[in-house]
Every structure is written in C-alpha cells, then in structure tokens.
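Participant: Quick one: this structure, given as structure tokens, is what I'll be asking you about.
The values are calculated or read from the model by the stated rules, or taken from the named source; none is laboratory data. Just so we're clear, the structure is a prediction, and the values are computed from it rather than from any experiment. Glycine also receives a Cβ, built like all others from the backbone with ideal geometry; neighbour counts cover every protein chain displayed.
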Amino acid sequence: MSIGLGVDTGGTFTDAAIVDLDSKKILSKAKSPTTYQDLSIGILGAIDGALSSCSIPPADIDIVGLSTTLATNSILEGKGGEVGLLGIGWTPRDDWELGCKKSTFITGGYDSWGMKSTNMNESELDKALEYICEGVDAVAVSGKFSVANPMQETRVKRMIMSKYGLPVVLGHEMSAELGIYERTVTAVLNAQLMPIISSFLNSMETSLNSRGITSPVYVFRGNGGLMDLNMAKEIPVETLLSGPAASLMGGHALSGKDSCMVVDMGGTSTDIVCLKNGFPRLNTEGAMVGKWRTRVNAIDIWTCGLGGDSNVYINDKGNIVIGPDKVVPLAVASLKYPNLKDKMLDENILTFYVPSRPAISNMTEKEKTALKFVEENAPCSIYEAISKIEGIVFIEDELIKLKKRGFVSMTGLTPTDIMHCRGSYKSGDEEASKIGLKIFSDKYGDDDADLSEVIMDLIITRVGEEVIKKSLSDKNILLSDDSAFETLLRAAAGSDLFNDLSIETHMKLPLIGVGAPAQILIEPVSGKMDVEMIVPQGYEVCNAVGAVLSKVIESVTVKIYPSADHTYRVFSPGSSPIEYSTIEMAKSSARTAAENHVMDKMKAMSVTDVHLNVEVDEHRFCDGYGKEMKFTNWIDVTATAVGMPKTKMR
C-alpha cells in the first residue's frame with residue numbers, strides 16, 4: 001500500500017489527509033486554523049491531527065502533496081511583496097494596470113524575429129535600476145519581444161542580482177507567448193508572490209522534518225499537475241488557482257462523477273470548476289484572477305471573493321453586501337483578543353486592526369511605527385490609531401498599505417459569524433458573533449434573528465449566482481453589471497423578487513459541494529435551483545485529497561514562422577530564433593527542442609515513468625470566407641510529458 005499525505009493551506013484553514021494512493025480511500029483527516037503569523041503552527045496542527053487519528057507512522061508516508069489558495073487569495077486581496085518593474089523597448093498604454101509599486105521604461109528591445117531594435121543606453125539603465133530597486137522586495141523585467149530574444153532581459157537580471165541582491169523575474173521565463181501586457185503582469189505577480197510563497201514552503205519543510213516525514217514534497221499547480229519545491233519557489237505564480245484545481249481532482253475522486261461542476265468554498269473565495277467526461281476545461285488564454293489576465297497555464301476556474309470570512313457590510317445605498325474583502329471573523333478574533341467584545345460594545349463598531357505577520361527590514365519607518373502600535377494595542381480601532389500614534393499625519397493611509405501587504409488584518413461580521421449566531425457552526429466565540437450581529441442590525445434597522453435569516457439566504461443565493469455566471473462564462477457570454485441583469489441573475493438563483501414572474505433554473509451537471517462550509521452554505525442551493533447536489537464524504541479536506549492524486553505534467557511549445565524569403569524560423573523558449581531553409585528541417589529542429597526542454601524539466605524534478613507526447617499543429621491562412629488556404633501562417637510544436645512524482649525509497 002502506498003501512502004500519501006495531502007496538505008492544503010487555505011486562507012482560513014489548513015487541512016491534512018492521509019490517503020491510500022491505490023484505493024483513493026481517506027485513512028485519516030484533520031483541520032487546523034491557518035496561522036499567518038507563523039504558517040508552521042497551522043501546518044503542524046493539521047498534520048498532527050491526521051497522524052494521531054490513525055496508526056500509520058510518519059516514516060511510512062511515501063509522498064507529500066501540497067495545494068494552497070495562498071497565491072490566489074494574496075492576488076485577490078492585493079497582498080504580497082513590493083515589486084519594481086523595468087520595461088525594455090516599450091511603454092504601457094494609459095489604461096494598463098501593471099500591479100507594481102514603481103515602474104520605469106528604457107530604450108532597447110527586439111523585433112518579432114529576435115533582431116535588436118535599439119541598444120540599451122547604459123547611463124539610462126543605471127539610473128532606472130537605481131530607481132526601481134529601492135524599497136522593493138523583488139524586480140520584474142519585461143522586454144519587447146523577449147520571447148524571440150531574451151539576451152537583454154538576462155543581462156539586466158545579472159546586473160540587478162550582482163549590485164542589489166534582489167530576486168529578479170524575467171518576462172520570457174513566465175511565458176513563450178506573445179502579448180507584452182499579459183507577460184508583464186505575470187512577471188509582476190510572480191515577483192509579488194515570491195516572499196509569501198517562499199515563506200510558506202519553508203514553513204512546510206520545517207514542519208514536515210520536525211515530525212520525521214522525509215518523503216519528497218510536491219506542490220499542486222493551477223494546470224492540475226505537480227511541481228517540486230524548488231520550482232514552486234522560483235515560479236510561485238504557477239500555484240495560482242492550485243487550490244481549486246486540487247478541489248476538482250479531489251471532488252472527482254470522492255464523488256466518482258466524471259462530469260460535474262465542483263463548487264469549493266473556503267474562507268476567502270469560492271472557486272467553481274467544470275469537469276466533462278473526465279477532462280477539465282482548460283483556459284487557453286491564461287488564468288484570470290480578479291482583474292488580472294495572466295499567462296499562467298491553468299484549469300478554467302471561476303473565482304469570486306465569497307467565503308466564510310467575507311466581510312458583510314452595508315454599502316452607501318443601504319444594501320447588505322458580502323465580500324469580496326476578507327476580514328477576521330469576530331468569533332475567531334475574540335478567542336485571541338478577549339477584550340474585543342468590550343471594545344465593540346464601547347465603540348459600537350465591528351472593525352478593528354490586528355497584526356497578521358511580523359515586520360520586515362525594508363519597511364518604512366512610518367509603516368514600522370504603525371505596525372508596532374497595532375501589535376501592542378490589538379485589537380485597535382482607527383480612532384485609537386489616529387489619536388495615539390504621534391508623528392504620522394495620514395495614519396489611515398499607512399494602515400491601508402500594511403493591510404494590502406498582509407501585515408495587518410481587520411475584524412468584521414462574516415458568514416462564519418452568522419453561522420455561529422444560528423448555532424450551525426461552533427469553533428469560536430459565539431457571544432462575540434452575537435454582539436457583532438446586534439450592532440450590525442441596529443445600524444441596518446432590523447431584528448437580529450430576522451437579519452441573520454436574510455444574510456444566510458443572501459449567501460446561499462450568491463453561491464447560486466456564481467454557478468450561473470460560470471455557466472454563462474463557459475459559453476463566452478459577456479456578463480453585465482447593470483441592475484437589470486443583476487436582478488434577473490438573483491431571481492434565477494432562487495430569490496423571489498417579482499410578484500408576477502417566476503424564474504427557475506435547471507442545472508444539467510451535478511454540483512459537488514466541497515470545503516468546510518459546504519453542508520451549510522452550498523448544499524441548500526438545491527432548494528433554490530433544480531440541481532443534483534452531492535456533498536461527498538471527506539468534503540471538508542477535498543483539496544488535500546486532490547493534492548496527492550495527481551501526476552507531474554510539463555508542456556513546452558516551440559513555434560515556427562515562415563519568412564518572406566521562404567525560410568523558416570524556429571522560436572524556442574529561452575533562446576534566439578534559428579533559421580532553416582526547409583519546413584521539414586524546421587519541424588525536426590522544433591520537435592527536438594520541445595522534447596529536450598520538457599524532458600530537462602522532468603529530470604530536474606526526478607520524475608519517474610515519464611510518457612512523452614508531441615503534437616504538431618499547423619495554422620494556415622484563411623480566405624475571405626473563412627476557408628483554410630494552403631499557405632502556412634505558423635506552426636506550434638508542443639511536447640507534453642506526464643510522469644509519476646518520485647516517492648520515498650523504502
């Protein structure tokens with residue numbers, strides 16, 4: 001019997017599951033709160049819980065699989081390291097958001113054939129590096145047509161690492177696809193995630209070693225495959241959407257359904273993925289997380305800011321809104337800060353600042369002062385901070401920056417609190433939740449009990465809305481944010497909004513509800529929509545199960561473009577284009593390059609039982625009627641390798 005340990009660190013809970021890899025049976029499972037100030041605490045809590053409830057010794061675990069929503073949640077909440085961006089040979093459009101703290105753009109770059117357009121100006125480059133490297137955690141470098149020739153990007157990376165010692169992410173290493181905006185955003189997000197994911201993986205390694213678990217560790221990727229720890233630290237952006245990708249694998253394994261829609265609700269987000277005939281739908285344009293379109297290869301996942309820790313608040317129109325911001329539930333915060341209840345009653349508010357993680361060296365003095373005050377006075381209100389912190393005029397701005405970077409969090413009323421008030425979930429301080437609901441209901445102008453019913457119904461309806469949005473999105477239907485569409489959507493999700501109109505929705509695929517609140521917040525959707533609802537055994541640790549039931553998957557695409565002089569140029573990742581006189585020679589070279597690239601990646605991760613497949617896709621010009629002509633536009637040569645992750649030798 002082969003034994004796997006699956007671990008999933010979510011935004012709220014860390015799950016662990018010990019699984020028989022042959023039968024896919026869960027042998028043991030446990031949950032523990034995710035501890036941002038020291039992730040190893042939550043990891044150890046979950047691992048210890050799983051080990052203590054079974055007789056399997058830690059030394060008998062053959063492999064560890066890890067999935068995490070940490071990257072996805074960090075992007076949705078705008079958290080992570082500060083990034084400086086250097087663009088070479090291009091300037092952004094006015095409407096482009098790039099996600100970096102600071103950016104500058106210099107001359108240089110290449111043309112589409114990899115030929116140098118303009119030399120980099122040394123004086124300009126030195127000044128640019130001095131500017132973007134100050135006060136940041138990492139640097140992203142993105143050059144024009146660097147996918148055709150990476151020389152300038154590579155040279156700049158060496159300069160930055162030599163002089164400033166900062167981590168550097170290059171655009172061409174993130175994607176071989178054209179598209180300067182998406183490639184740049186992917187590089188910036190990768191740089192932003194590096195300190196967060198590295199810290200997390202280091203905590204994971206420490207936790208496993210302390211428990212005598214010495215088996216190989218693999219990290220789940222957004223494309224449904226695995227990668228080793230070294231690759232995960234270098235390319236953390238690949239872990240985007242790995243949590244929902246693992247939930248798809250877990251939901252598929254636990255439910256036995258080859259065609260289904262998996263709805264996974266965690267603390268921060270709800271993720272919806274679709275499986276048809278055993279195959280997931282893939283996003284050919286790259287993963288979309290929040291407002292960011294990336295070049296990350298990933299399963300097509302619908303992600304929204306709706307979870308057990310989503311902030312429940314009243315907007316400026318007087319309506320109750322849930323999410324997308326995440327806060328610390330009052331029931332949870334009160335366990336650590338017993339004085340929270342008195343402070344809520346005294347100040348008649350629900351939002352207080354609490355520390356999330358320790359200070360780091362490159363913080364400004366204002367940031368350090370503000371964080372120290374929060375650490376010493378938590379939970380503290382904005383009014384306390386304004387009146388007691390001296391020397392900082394715009395203290396709220398500093399606290400907002402600290403919250404964005406993940407150093408502080410805020411408390412607030414959440415679905416978790418509503419479940420505590422209703423007695424359907426008990427893991428925190430129920431009294432704190434009830435005090436919070438009372439303050440909230442007084443401001444809203446409604447009875448506590450009635451309002452809890454309204455909020456609970458709204459949460460369940462929101463789940464149904466997101467399922468419908470996912471279905472519409474899969475048909476490439478443009479979603480609108482006007483009030484008429486939103487009203488129809490809410491009615492289709494089961495809300496009785498009209499006197500003379502009834503809208504009913506029938507789902508063709510079964511819904512698989514997973515995640516800790518699945519029985520309470522997802523299963524009731526079946527009472528609002530016509531759908532087969534399944535909440536499988538082990539639903540609460542589904543991601544952890546999925547994390548150990550996958551293989552290592554690597555894919556590399558080499559492109560061939562014909563030129564005007566009837567030659568063919570082969571564009572291989574990380575190298576300059578090579579010209580060939582015949583298309584047969586170009587195809588042979590491209591195939592060899594693709595195979596070598598993908599096999600080098602597999603060897604670096606010590607993958608076993610590797611199967612290699614190469615596909616050649618020739619794209620031809622079309623005439624005015626859309627009919628394919630005989631002339632080649634370009635050729636994709638894609639090598640895909642699938643193998644088994646290395647297990648512990650026994």
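Participant: Sort out for me the strands (runs of 3 or more DSSP E) sitting completely within the range 287-333 that have 2 or more residues that are hydroxyl-bearing (Ser, Thr, Tyr).
Facilitator: Correct list: 310-314.
Participant: Right, another one. Scan Glu579, Glu595, Glu554 and give me the residue that is of a type outside the set (Gly, Ala, Ser), surrounded by fewer than 16 Cβ atoms within 10 Å (Cβ to Cβ) and in contact with a strand residue (DSSP E or B) (Cβ under 9 Å, 6 or more places away or on another chain).
Facilitator: Glu579
Participant: In the range 603-626, is there at least one residue being in a loop (DSSP other than H, G, I, E, B), over 26 Å from Gly225 (Cβ atoms), modelled with pLDDT under 85 and of a type in the set (Ser, Thr, Tyr)?
Facilitator: Among the residues of the range 603-626, at least one is in a loop (DSSP other than H, G, I, E, B), over 26 Å from Gly225 (Cβ atoms), modelled with pLDDT under 85 and of a type in the set (Ser, Thr, Tyr), which makes the answer yes.
Participant: Looking at the range 545-583, which of its residues are part of a loop (DSSP other than H, G, I, E, B), more than 20 Å from the chain's Cα centre (by Cα) and of a type in the set (Gly, Ala, Ser)?
Facilitator: Ser563, Ala564, Ser572, Gly574, Ser575, Ser576, Ser581
Participant: Next question. When the range 114-142 is examined, which residues are found to be in a helix (DSSP H, G or I) and over 30 Å from the mean Cα position of the chain (by Cα)?
Facilitator: Matches in the range 114-142: Glu122, Ser123, Glu124, Leu125, Asp126, Lys127, Ala128, Glu130.
Participant: To continue, here is another question. How do the pairs read when you match residues in the range 458-485 that are acidic (Asp, Glu) with residues anywhere that are not in a loop (DSSP other than H, G, I, E, B), using Cβ under 7 Å and keeping only pairs 6 or more apart or on different chains?
Facilitator: Within 7 Å, the pairs are Glu465/Leu489; Glu465/Arg490; Glu466/Thr270; Glu466/Ile272; Glu466/Trp302; Glu466/Cys304; Asp474/Cys274.
Participant: Then there is this: Checking the condition at pLDDT below 85 and basic (Lys, Arg), which residue from Lys551, Lys559 passes?
Facilitator: That would be Lys551, the only listed residue that is at pLDDT below 85 and basic (Lys, Arg).
Participant: For the range 407-440: of the residues being among the small types (Gly, Ala, Ser) and buried (at least 19 other Cβ atoms within 10 Å of the Cβ), which is farthest from Lys317 (Cα to Cα)?
Facilitator: The selected residue is Gly428.
Participant: Can you name the residue in the range 519-539 that is part of a helix (DSSP H, G or I) and among the polar types (S, T, N, Q) and, of all such residues, is farthest from Lys24 (Cα to Cα)?
Facilitator: Ser526
Participant: Name the residues in the range 1-29 that are part of a strand (DSSP E or B) and of a type in the set (A, V, I, L, M), would you?
Facilitator: Ile3, Leu5, Val7, Ala16, Ala17, Ile18, Val19, Ile26, Leu27 - these are the residues of the range 1-29 that are part of a strand (DSSP E or B) and of a type in the set (A, V, I, L, M).
Participant: Which members of the range 547-579 meet the condition of being in contact with a Pro (Cβ under 7 Å, 6 or more places away or on another chain) and free of Cβ contacts under 8 Å to residues at least 40 places away in the same chain?
Facilitator: Tyr568, Val570
Participant: Among the residues of the range 88-101, which ones are in contact with a helix residue (DSSP H, G or I) (Cβ under 7 Å, 6 or more places away or on another chain) and either surrounded by 15 or more Cβ atoms within 10 Å (Cβ to Cβ) or assigned to a strand (DSSP E or B) (or both)?
Facilitator: Ile88, Trp90, Leu98, Gly99, Cys100
A quick yes/no check of all residues on (1) of a type in the set (Lys, Arg); (2) in contact with a Cys (Cβ under 8 Å, 6 or more places away or on another chain); (3) without any contact (Cβ under 8 Å) to a residue 40 or more places away in the chain:
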site	(1), (2), (3)
Gly10	no, no, no
Ala16	no, no, no
Asp22	no, no, yes
Lys29	yes, no, no
Thr35	no, no, yes
Asp38	no, no, no
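Participant: Next up: Of all residues being in a loop (DSSP other than H, G, I, E, B) and in contact with a helix residue (DSSP H, G or I) (Cβ under 7 Å, 6 or more places away or on another chain) in the range 477-506, which is nearest to Val467 (Cα to Cα)? Just the residue, please.
Facilitator: Ala493
Participant: Now for a different question. What do you reckon, is Leu437 touching a residue at least 40 places away in the same chain (Cβ under 8 Å), within 16 Å of Asp309 (Cα to Cα) and not in a loop (DSSP other than H, G, I, E, B)?
Facilitator: no
Participant: Out of the residues in the range 507-518 meeting the condition of being in contact (Cβ under 8 Å) with a residue 12 or more places away in the chain and part of a loop (DSSP other than H, G, I, E, B), tell me which one is farthest from Thr608 (Cα to Cα).
Facilitator: Taking the candidates together, the pick is Met507.
Participant: Another question, then. Can you tell me which residue is nearest to the chain's Cα centre (by Cα) among those in the range 364-378 that are surrounded by 16 or more Cβ atoms within 10 Å (Cβ to Cβ) and touching a residue at least 40 places away in the same chain (Cβ under 8 Å)?
Facilitator: The selected residue is Glu367.
Participant: Given the criterion surrounded by 18 or more Cβ atoms within 10 Å (Cβ to Cβ), within 23 Å of Leu39 (Cα to Cα) and touching a residue at least 40 places away in the same chain (Cβ under 8 Å), identify the matching residue among Ala359, Ala331.
Facilitator: The unique qualifying residue is Ala331.
Participant: Can you name the number of the only condition in (1) within 17 Å of Asn362 (Cβ to Cβ); (2) basic (Lys, Arg); (3) in contact with a strand residue (DSSP E or B) (Cβ under 6 Å, 6 or more places away or on another chain) that Lys157 fails?
Facilitator: Among (1) within 17 Å of Asn362 (Cβ to Cβ); (2) basic (Lys, Arg); (3) in contact with a strand residue (DSSP E or B) (Cβ under 6 Å, 6 or more places away or on another chain), Lys157 violates only (1).
Participant: Among (1) of a type outside the set (A, V, I, L, M, F, W, C); (2) crowded, with 16+ Cβ neighbours inside 10 Å; (3) outside any loop (DSSP other than H, G, I, E, B), which single condition is Lys646 missing?
Facilitator: Failing condition for Lys646: (3).
Participant: Does any residue in the range 520-539 that is among the aromatic types (Phe, Trp, Tyr) come within less than 6 Å, Cβ to Cβ, of a residue that is part of a helix (DSSP H, G or I) six or more places away or on a different chain, and which pairs are these?
Facilitator: Tyr539/Ala518
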